[in-house]
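Enquirer: Here's a structure for you.
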Amino acid sequence: MTEVLKLLTRNVGKPNSTHVDAYMGSGGYESLMTVLHKWTPEQTLNEVKAANLKGRGGAGFPAGLKWSFLPKGKEVLKYLVCNADESEPGTFKDRLLIENDPHSILEGIIIAGWATQAAGCFFYIRGEMPAGARIFQKAVDQAYAKGFLGKNILGSGFNFDVWVSRGAGAYICGEETALMDSLEGKRGQPRLKPPFPAGYGVYGVPTNINNVESYANVPLIIRNGAGWYTAIGSPSAPGTRLFGISGHVKRPGVFELPSGVTLRELIYEHAGGILGDRPLKAVIPGGSSVPVLRADQIDVTMDPDGLKSVGTMVGSAGVIVMNDSVCMVKALLNLMEFYAHESCGQCTPCREGTHWLELIVRRLEEGGGRPSDCDLILDVAGNIMGRTICPLGDAAAMPAISFVQQFREEFEAHAREGRCPMRDVRMTAAI
Amino acid sequence: MSEQGVAELIKNPGFLAKVDRLVKSYPRPQTALIPILHLCQAELRHVPVEFQAFIAERLGLTPAHVRGVVTFYEMFSEEPHGRYLLQVCKTLPCMLTGSEALLEHLQNKLGIKPGGTTQDGRFSLITVECLACCDGGPSLMVNEALHKRVSTGDADRILSELE
């Protein structure tokens, strides 16, 4: 069995893990001291680039490369953003870091600030995580008190601030430009790109945005070197990942593992197997937006190459497991309700399409389905794909298409019988 | 009652000091809008149009802009909710683990549908999308307190411990 690695989660569960003194007691902020006193911003950026740190928010874009897109030099005003708006269904790993080890995120942010010579970072956290916001704000206050934030940090001449801001209940604000509009006190509606955030971000200032887990990797890379980092996990996605596993497993939770672990091992070894000891039916491997897999497709590695081989993606590494008590039409209906509710309404294909997908799947589940509904779902979803400003449209279309493709017989049975064939099956509950 | 509440709030020196601190704590004042709306929502359990007009003027925005923001975000409401806001996560991982039974139990217990408030004004019940606590499904947030793996029995206990 692939062993759990305690790198990002090294402080989780330790006493006072959110306090700066506890963090410093185990070597915390030494990476920041190293770069401020010994490394140039360019060296710092190059190390992260060499580590091939892939973004952990869902898109997997190389973080160091993203940093290099910002204009150079400290005379240009630049901002960083930390995306802590974790809201992709099935994803709950950033919450673990924010609530248990905020300083590891903060240290990564300040190092990124040094590498890019940014003026400060907006920490945008979900409105529904008030405890996390308080914990992180306290960590920021402690970092100011220790001189890790503010003017002339540790005598280096580098100035850097962090501002904590809460969202207010909108999935779309996890999209980078919607998040920036939200930071500007607006409705969170994604911006047309280009211009990209590296040229035009918060307040129109060049901005770099990364996910919580991405920043938390940075102090480890500085401390141990890019060579150490790239030796962990798969070459296509070095390092560990925080896999969140939920739904019908016996031990749901976050598991830190090298990216090359297989999906089967994750489900049956780490998460203890299927709840109710029933057969596995389906798995969504990377947050609700990625294509679903059947039970016979789980012998793949949890990295971009492995999941691509079965037509899906690693996304946010949130694994949702469904046993055979689940009706796939009902499961898709739940997701379609989500996307229809969370569409910002800006682009017609998404605003209208997500609504129609919900209605069609609902009528199938409730007994009013038509034989042509499978093709209609594929048609509507296909007309959303690639036709919207932001990826929310694709995020709704991908599960719709894959659920129908992978479980077409079950969808057709709903239309044929004029009711849900599984209506008398009691879904396995966790409580 | 709400009008009186808001009239008092926007004259309350302690509250105004908090608003001022927020306005000054970000690089530009407009970033303070959403944090200030959170303050109002917490105090009054809604963001009435009178407050929207007040804060629009304070930040140099139009009331229409502020209303657009208030109505966009789920956590702000223009109508007050009860003293305790019961938020049942309805998204897939929680549905798989039992959120439908939890919601049904709360509906029956309180005699209200999602979106409703009990007559005594104590409880409002709503469904919410994913709370990023999928390993703790079914999950229930009561105001700011998150409860995990909530059975119907747990729900009864949680409610009985509230005032």
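The values are calculated or read from the model by the stated rules, or taken from the named source; none is laboratory data. It should be emphasised that the depicted structure is a prediction, and the values quoted were computed from it without experimental measurement. Because the Cβ atoms are built from the backbone with ideal geometry, glycine has one as well, and the counts that use them run over all protein chains shown.
Enquirer: Would you say B:Val49 is more than 25 Å from A:Val162 (Cα to Cα), of a type in the set (A, V, I, L, M) and within 20 Å of the chain's Cα centre (by Cα)?
Expert: Working: more than 25 Å from A:Val162 (Cα to Cα): yes; of a type in the set (A, V, I, L, M): yes; within 20 Å of the chain's Cα centre (by Cα): yes.
For B:Val49, the condition - more than 25 Å from A:Val162 (Cα to Cα), of a type in the set (A, V, I, L, M) and within 20 Å of the chain's Cα centre (by Cα) - is met.
Enquirer: Now for a different question. Return a yes/no flag: does region B:142-162 have any residue that is more than 12 Å from chain A (Cβ to nearest Cβ), closer than 30 Å to B:Leu16 by Cα and of a type in the set (Ser, Thr, Tyr).
Expert: Checking region B:142-162: not a single residue is more than 12 Å from chain A (Cβ to nearest Cβ), closer than 30 Å to B:Leu16 by Cα and of a type in the set (Ser, Thr, Tyr).
Enquirer: Look through B:Ala32, B:Ala42 and report the one residue that is small (Gly, Ala, Ser) and either farther than 26 Å from A:Tyr79 by Cα or assigned by TED's automatic domain parsing to the domain that holds B:Thr117 (or both).
Expert: On the way: B:Ala32 fails: either farther than 26 Å from A:Tyr79 by Cα or assigned by TED's automatic domain parsing to the domain that holds B:Thr117 (or both).
Testing whether each residue is small (Gly, Ala, Ser) and either farther than 26 Å from A:Tyr79 by Cα or assigned by TED's automatic domain parsing to the domain that holds B:Thr117 (or both) leaves just B:Ala42.
Enquirer: For region B:50-72, enumerate the residues that are among the β-branched types (Val, Ile, Thr) and either within 24 Å of A:Glu342 (Cα to Cα) or surrounded by fewer than 16 Cβ atoms within 10 Å (Cβ to Cβ) (or both).
Expert: Matches in region B:50-72: B:Thr62, B:Val66, B:Val69, B:Val70, B:Thr71.
Enquirer: Determine whether region B:91-106 contains at least one residue that is at the interface with chain A (Cβ under 8 Å from one of its Cβ atoms), in contact with a Cys (Cβ under 6 Å, 6 or more places away or on another chain), touching a residue at least 24 places away in the same chain (Cβ under 8 Å) and not in a helix (DSSP H, G or I).
Expert: There is at least one residue in region B:91-106 that is at the interface with chain A (Cβ under 8 Å from one of its Cβ atoms), in contact with a Cys (Cβ under 6 Å, 6 or more places away or on another chain), touching a residue at least 24 places away in the same chain (Cβ under 8 Å) and not in a helix (DSSP H, G or I).
Enquirer: Residues in region A:317-336: is at least one of a type in the set (S, T, N, Q), outside any strand (DSSP E or B), touching a residue at least 24 places away in the same chain (Cβ under 8 Å) and crowded, with 23+ Cβ neighbours inside 10 Å?
Expert: Filtering region A:317-336 for residues of a type in the set (S, T, N, Q) gives A:323, A:325, A:334.
In the following step, the residues that additionally are outside any strand (DSSP E or B) were identified as A:325, A:334.
The next check asks that each one be touching a residue at least 24 places away in the same chain (Cβ under 8 Å); those that pass are A:325.
With the extra rule that they be crowded, with 23+ Cβ neighbours inside 10 Å, the set shrinks to none.
No.
Enquirer: I'd like the residue in region A:78-122 that is facing another protein chain (nearest Cβ under 10 Å) and of a type in the set (Ser, Thr, Tyr) and, out of all such residues, is surrounded by the most Cβ atoms within 10 Å (Cβ to Cβ).
Expert: Per the stated criteria, the residue is A:Thr91.
Enquirer: Okay, moving on. Only one residue in B:Gly137, B:Gly111, B:Gly115 is at the interface with chain A (Cβ under 9 Å from one of its Cβ atoms) and of a type in the set (Gly, Ala, Ser), so which one is that?
Expert: Details: B:Gly111 fails: at the interface with chain A (Cβ under 9 Å from one of its Cβ atoms); B:Gly115 fails: at the interface with chain A (Cβ under 9 Å from one of its Cβ atoms).
The conditions single out B:Gly137.
Enquirer: Here is a further query. With the requirement that a residue be closer than 14 Å to A:Leu293 by Cβ and not in a helix (DSSP H, G or I), what does region A:249-275 give you? Let's see the steps before the verdict.
Expert: Taking region A:249-275 and keeping what is closer than 14 Å to A:Leu293 by Cβ, we get A:262-264, A:266-267.
Within region A:249-275, just A:Thr262 meets the criteria.
Enquirer: Among the residues of region A:123-157, write down those that are of a type outside the set (A, V, I, L, M) and either within 20 Å of the chain's Cα centre (by Cα) or buried (at least 18 other Cβ atoms within 10 Å of the Cβ) (or both). Step through it out loud before you land on a result.
Expert: First, the residues of region A:123-157 that are of a type outside the set (A, V, I, L, M): A:123-124, A:126-128, A:130, A:132, A:134, A:136-138, A:141-142, A:144, A:146-148, A:150-152, A:155-157.
Once the filter is applied, which keeps residues that are of a type outside the set (A, V, I, L, M) and either within 20 Å of the chain's Cα centre (by Cα) or buried (at least 18 other Cβ atoms within 10 Å of the Cβ) (or both), region A:123-157 yields A:Phe123, A:Tyr124, A:Arg126, A:Gly127, A:Glu128, A:Pro130, A:Gly132, A:Phe136, A:Gln142, A:Phe148.
Enquirer: Among the numbered criteria (1) buried (at least 18 other Cβ atoms within 10 Å of the Cβ); (2) more than 21 Å from A:Thr312 (Cβ to Cβ); (3) touching a residue at least 24 places away in the same chain (Cβ under 8 Å), which one does A:Gly286 miss?
Expert: Unmet for A:Gly286, out of (1) buried (at least 18 other Cβ atoms within 10 Å of the Cβ); (2) more than 21 Å from A:Thr312 (Cβ to Cβ); (3) touching a residue at least 24 places away in the same chain (Cβ under 8 Å): (2).
Enquirer: Still on this structure, I have one more. Which condition from (1) in a strand (DSSP E or B); (2) under 23 Å from A:Ala331 (Cβ atoms); (3) not hydroxyl-bearing (Ser, Thr, Tyr) is the one that A:Asp296 breaks?
Expert: Against the list (1) in a strand (DSSP E or B); (2) under 23 Å from A:Ala331 (Cβ atoms); (3) not hydroxyl-bearing (Ser, Thr, Tyr), A:Asp296 comes up short only on (1).
Enquirer: Sticking with this structure for a sec: Looking for whichever is of a type in the set (Asp, Glu), more than 28 Å from A:Ala168 (Cα to Cα) and assigned by TED's automatic domain parsing to the domain that holds A:Gly199 here; the options are A:Glu75, A:Glu86, A:Glu99. Which one fits?
Expert: Among A:Glu75, A:Glu86, A:Glu99, only A:Glu75 is of a type in the set (Asp, Glu), more than 28 Å from A:Ala168 (Cα to Cα) and assigned by TED's automatic domain parsing to the domain that holds A:Gly199.
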